[in-house]
């Protein structure tokens, strides 16, 4: 049984090397929980662990050609997760991370019942306006998935059902959307 699973896994890896995202989504579904568990243990924060799990699989897909079948795929993907975690902790220590979760959640700030002084209210309104502009620049598929995840607070499974796509695709699209937002924020900050 184990040999059969390994054979199927190798076939999916080969298909992913040819750019087949569906084959790679199957690999994501197979190994995602293990990677997420590893990252939760290392970070102690579910949101950060989910973000790094998505980053792990994005890097795995980008570097699938460097995978060697003499090692288990799980070992290879766990080492990528470990490296992503180390990089994340280094950036966190130096304070150079941008919280996209906070950025997106701020867009819906007015819906929250928080009392602010006039200056804080003006800053919050500016942040909401800037975030709305950035979200409007995203492709509709990415903007919609960000809205479902962060504004409507849908779980991955609910998003997959709503959009009629696999959970792996939800995670990949969410990762790409957040990556695009980070680039836009960085570009905006460079202008000032």
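The values are calculated or read from the model by the stated rules, or taken from the named source; none is laboratory data. Quick caveat, the model's predicted, so the values are computed rather than measured. Neighbour counts are summed over all protein chains in view; Cβ atoms, including those assigned to glycine, are modelled from backbone coordinates with ideal geometry.
Taking (1) at pLDDT below 90; (2) surrounded by fewer than 18 Cβ atoms within 10 Å (Cβ to Cβ); (3) part of a helix (DSSP H, G or I) in turn, residue 71 satisfies each apart from (3). Annotation note: Cβ proximity below 6 Å between a residue of the stretch 140-166 that is more than 21 Å from residue 46 (Cβ to Cβ) and a residue that is assigned to a helix (DSSP H, G or I) (sequence gap 6+ or interchain) occurs for 142/177; 143/135; 166/25.
Pairs are defined by a Cβ separation below 8 Å, a sequence spacing of at least 6 or placement on different chains, a first member in the stretch 75-93 that is farther than 14 Å from residue 57 by Cβ, and a second member that is not in a helix (DSSP H, G or I); the pairs so defined are 88/97; 91/97. Remark: pairs (first residue in the stretch 174-192, farther than 16 Å from residue 150 by Cα; second residue modelled with pLDDT under 75 and surrounded by fewer than 17 Cβ atoms within 10 Å (Cβ to Cβ); Cβ separation under 6 Å; 6+ apart in sequence or on different chains) = 185/98.
Every residue, every condition in (1) assigned to a helix (DSSP H, G or I); (2) closer than 20 Å to residue 175 by Cα; (3) at pLDDT 85 or above, yes or no:
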position: 4; (1), (2), (3): yes, no, no
position: 10; (1), (2), (3): yes, no, no
position: 15; (1), (2), (3): yes, no, yes
position: 19; (1), (2), (3): no, yes, no
position: 34; (1), (2), (3): yes, yes, yes
position: 49; (1), (2), (3): yes, yes, yes
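Listed by position, the helices (runs of 4 or more DSSP H) inside the stretch 128-192 whose residues that are surrounded by fewer than 17 Cβ atoms within 10 Å (Cβ to Cβ) and modelled with pLDDT under 80 number at least 2 are 167-191.
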